[in-house]
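The structure under discussion appears below in the form of structure tokens.
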Amino acid sequence: MSNVIVNRVKEFLNRFPPFHFLDEKILMSVAKAVEIRYFGAGEYLFQKGDPAQDFFFVLREGSIHLIEQEANEGKIVEVCDEGDVFGVLALLGKRPYILNALVKEDSLVYAIPVAIFEKVLQENSRVSLYFAAGFASGQVVVRRDLSQGQKARSELKEGSKDNGLLIFTGQSDMNFSKDVLCVFQGTSIGDAAKAMAEKGVGSVVITDDSRFPVGIITDKDLRNRVVAKGLSNDVKVEAVMTTPVITKRKDAGFAHLYLTMIKNRLHHLIFTEDGTEQSPVTGILSDHDILLSQGNSPAVLINALMNTWEVSEMAKVRDRAELLLKYYLENEVAMDFVANIISEINDIIIQRAVQLAKQKHDSEHPEAAKIKFCFLSLGSEGREEQLLRTDLDNAIVYEDVPAEKEAAVRKYLLLIAEEVIEILLACGFQACPADMMANNPEWCQSLSQWKWYFSDWILSPNQKALMHATIFFDFRPVFGHRSLSDAMTEHIYQEISGKSVFLNFLAKNALLNPAPLGFFKNFIVEKSGEHRDKFDIKLRAMMPLTDMGRLLVLSHRVVGINNTFKRFEKIAELEPNHRELMLEAGKAYEILMRMRAIEGLRSGNSGRYIQPEALGKLQRQLLKNAFAPIDELQQVMRVRFQLDYFNS
Amino acid sequence: MMGWLDFLFRKKIAKTAFVKAYEALFAKNIPDQRPISQLSFTVLDTETTGLDVKKDYIVSFGAVKVKGYRLQLNQSKEVYLNTPIQKADALKVHEILYPIEISPLRDFAEDFLKYVSNDIIVGHHIGFDLGMLEKLLKQYGLRSLLNPVIDTQALAMRLEKGPHYDPRMGKRGEFALDALCERYGIALDDRHTAAGDAFLTAQLLMKLLKLAEQKGIRTYGALV
């Protein structure tokens, strides 16, 4: 056999999943068994109903369409391109083919004998997971389980990084005291406390004669067990110490140490020479040390935000939050958690910004400053989905005031809004190009005016106006009087009831961009301009989902759920017959959010435009799978809102 | 050494058993109406110490089999030969860097004739390779190779320019393997190994055969 040729085939396979999970030796044995086949355009590799061949296929070069044949019509289910794996039913179920594989362009195909791969499948869990997750082409007929996809993605990730608690810092950054305050058994509490005071530490370790640790007393123990109980200072330390103590070696690994402390609710962990209690004390790790070493944990960031009024400091914290985000994304931390944390941080920045603005301007406008108002986030921030500091979309609603006071109030609030926007820009957020911001007089309005706006959008909808207005339906109070925003919500639902034409308009908007199903060769990329040949993940994939999520919660009159993926979860509850589809749509959205954010962090922009070729095969497949529910959901919407009969 | 042998046995070289077995395969011709998809091809290439059939020798040999637009990797072949003169220059050009097992000439001759059987032999600029192979096989009693032959260069010219094309009219290198691979979208990874070039040529052959079928050349008779 020719090594040169086998190596060439092996190297090709090695570029694509699931083959790149195989080790050199196994991949070599797979490559040796490959049969190369050449097909001319118009031929079929297999057709629906054909018995399974003893091979499955990898497209080496060319283009093959997998087509679902129904009666006389063929629907393209998938467009395979280089490296795509297909025809795997033969591998998995030995069932006849359910799709037609039509050769669109002359194609070179690597046929891989099922016999050789069955063994691989049994032995390599990552490879079997790849197939279980439906990553191979043409597996779409069974609805894709995106959660499998997510699971697969995290497990199939290149090089397993530490998924532990080592959130941002290396272990080397972990600080602990090597100089531990110790007293012998038999010491009085008074003396122990005195020693603590002298050393300025919050704890003391009690040792036996061999200097082996037997217990610990902390500031809190002195408060709770001594002073509050009225014990005398002469009582021996043994009487109040916590014992036995949990000990570890200091090089046990940060994640392990941290987990030990969390599990045992420890504030202090004692290091000994060999890690047991029967060994001298070498150090002590406190939860405070842990907090410090986790410089970017959410708690630390939020704490830092709460402790500063310096805009430059806030900006720094927000930058650090980006590192946190990056870590979360890379480690597949659950999206609702990630979105919550980042939204919380964004909210605090906005709240601090409003407070700063008030501090600066209230004294000059004592009368107007009494106005009740609410600062609202709109759009993605309103939906608690803004991971990156993309466009600011916000507004102000204030209580209705007598006409004679209106001018002064508006002047004051616009001043506040201007200040807030400036602070947010300084913190790295981007201005909204459409100027949908609170400092725009149009979007700094009284409750009555806002009600009028919404009534207008709902009662006399117009396609173009609605396209821009949809983000207003995702408002969320961030600072100020919630009752004002509650009143807006209430008003919207009153207006909507019975006005189905408005929902029709929303639905029409939601279907403006069809799901990009024919993905690769027919990938809908931008045709011109700066983003030529890139895929607009926001416009083509995320917006259809946010639009449909919004439409559905509005049609069900659900209040208070703004997250697109949470909206779909809620709708899954409300529409049991579409439960699966809704859950899939929610997961698809999470996947898209994650991808966009990763792309944004990688290229230092909004992440909106993705270069299809730059994505790894697995990413492309995951993305492709995420499109399926969009398409299905759009079809459901089309029927439900009778869009085929509805013309605006 | 071979020149010396030639001189001694020029008149009469006894046919070895494997040569006889090979020649026996050609008692019957391939029927003209046999469709292309039923034909067996051996696509081969050799790397040599130089370009002079008289003076130079085969260093390595690579081949694959194609039948019905299928190519099985476990039937591919790659052989490094025990040549009388190992020209450092040639080795440099072809960069044979694999740890290689050198086959004695006689073993190669026997294996080769068994492998190629009565297939249609295919190669790019195949005349040169055939000349080198025949020179090697002569010492075992083979007068000439009996297989039908397809030169992918000639086939490409015929398909692209028509049967009466005069290659002297074209651009230089227009039908070289590199140029053709590029034109037909075949990835050129590591050229200059016999097996690598045979593999490329096989892919080119499959593309050319499809093209031939589209142009109405569908049988052995029409093809050769």
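Of the residues in the range A:31-41, not one is in contact (Cβ under 8 Å) with a residue 12 or more places away in the chain, away from every other protein chain (no Cβ under 14 Å) and part of a helix (DSSP H, G or I).
Those residues that are within 10 Å of chain B (Cβ to nearest Cβ) and in a strand (DSSP E or B), I need them from the range A:42-57; list them, please. Scanning the range A:42-57 gives no hits. Being surrounded by 21 or more Cβ atoms within 10 Å (Cβ to Cβ) and in a strand (DSSP E or B) is true of A:VAL397. For the range B:158-177, the criterion of being surrounded by 13 or more Cβ atoms within 10 Å (Cβ to Cβ) and touching a Ser or Thr at 6+ places or on another chain (Cβ under 6 Å) is met by none of the residues. With respect to the conditions (1) under 18 Å from the mean Cα position of the chain (by Cα); (2) part of a helix (DSSP H, G or I); (3) of a type in the set (A, V, I, L, M, F, W, C), A:LEU388 lacks only one, and its number is (2). In the range A:16-27 there is at least one residue matching the filter, namely being buried (at least 17 other Cβ atoms within 10 Å of the Cβ), more than 22 Å from B:LEU188 (Cβ to Cβ) and within 14 Å of chain B (Cβ to nearest Cβ).
Candidates are the residues of the range A:405-454 that are free of Cβ contacts under 8 Å to residues at least 24 places away in the same chain and polar (S, T, N, Q); the one that is surrounded by the fewest Cβ atoms within 10 Å (Cβ to Cβ) is A:GLN449.
For (1) touching a Lys or Arg at 6+ places or on another chain (Cβ under 9 Å); (2) modelled with pLDDT under 80, each residue gets a yes or a no:
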| site | (1), (2) |
| --- | --- |
| A:ASN3 | no, no |
| A:GLU11 | no, no |
| A:ALA31 | yes, no |
| A:ALA41 | yes, no |
| A:LEU45 | yes, no |
| A:GLU70 | no, yes |
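Just one of the listed residues (B:GLY162, B:GLY170) is more than 24 Å from B:ILE36 (Cβ to Cβ) and more than 10 Å from chain A (Cβ to nearest Cβ), namely B:GLY170.
In the range A:36-67, the qualifying residues are those that are charged (D, E, K, R) and touching a helix residue (DSSP H, G or I) at 6+ places or on another chain (Cβ under 7 Å), and the one that is nearest to B:GLN214 (Cα to Cα) is A:ARG60. Only one entry of B:ILE126, B:ILE186 meets the criterion of being surrounded by 15 or more Cβ atoms within 10 Å (Cβ to Cβ) and either more than 14 Å from chain A (Cβ to nearest Cβ) or touching a Gly at 6+ places or on another chain (Cβ under 8 Å) (or both), and that entry is B:ILE126.
Within the range A:179-200, the set of residues being closer than 11 Å to A:GLU238 by Cβ and loosely packed, with under 15 Cβ neighbours inside 10 Å comprises A:PHE184, A:GLN185, A:GLY186. For the range A:357-367, state whether one or more residues are under 27 Å from A:ASP287 (Cβ atoms) and buried (at least 17 other Cβ atoms within 10 Å of the Cβ). The answer is no; no qualifying residue exists. Search the range B:64-88 for residues being facing chain A (nearest Cβ under 8 Å) and either part of a strand (DSSP E or B) or within 14 Å of B:ASP129 (Cα to Cα) (or both), and hand back the single one that is modelled with the lowest pLDDT. Out of the qualifying residues, it is B:GLN72. Please go through the range B:162-178 and give me each residue that is under 14 Å from B:LEU208 (Cα atoms) and not aromatic (Phe, Trp, Tyr), ordered by number. Residues satisfying the conditions are B:GLY162, B:LEU177. Within the range B:191-204, is even one residue part of a loop (DSSP other than H, G, I, E, B), surrounded by fewer than 19 Cβ atoms within 10 Å (Cβ to Cβ) and within 12 Å of another protein chain (Cβ to nearest Cβ)? Within the range B:191-204 (the criterion being part of a loop (DSSP other than H, G, I, E, B), surrounded by fewer than 19 Cβ atoms within 10 Å (Cβ to Cβ) and within 12 Å of another protein chain (Cβ to nearest Cβ)), the answer is yes, since at least one residue qualifies. Restricting the range A:1-15 to residues that are surrounded by fewer than 18 Cβ atoms within 10 Å (Cβ to Cβ) and either assigned to a loop (DSSP other than H, G, I, E, B) or of a type in the set (A, V, I, L, M) (or both) leaves a set whose member that is nearest to the other protein chains (Cβ to nearest Cβ) is A:MET1. Here's a check for you: in the range A:308-331, which residue that is closer than 11 Å to A:ILE349 by Cβ and touching a residue at least 60 places away in the same chain (Cβ under 8 Å) is nearest to the chain's Cα centre (by Cα)? If we take residues in the range A:308-331 being closer than 11 Å to A:ILE349 by Cβ and touching a residue at least 60 places away in the same chain (Cβ under 8 Å), then A:ARG318 is nearest to the chain's Cα centre (by Cα).
Taking residues in the range B:208-220 that are in contact (Cβ under 8 Å) with a residue 40 or more places away in the chain and within 11 Å of chain A (Cβ to nearest Cβ), and partners anywhere that are surrounded by fewer than 17 Cβ atoms within 10 Å (Cβ to Cβ) and hydroxyl-bearing (Ser, Thr, Tyr), the pairs with Cβ atoms closer than 9 Å and at least 6 places apart or on different chains are B:LEU208/B:TYR184; B:LEU209/B:SER37; B:LEU211/B:TYR184; B:GLU213/B:SER37.
The values are calculated or read from the model by the stated rules, or taken from the named source; none is laboratory data. Everything numeric here is computed off the predicted structure, so don't read it as measured data. Here Cβ is always computed from backbone atoms with ideal geometry, including for glycine, and neighbour counts include all displayed protein chains.
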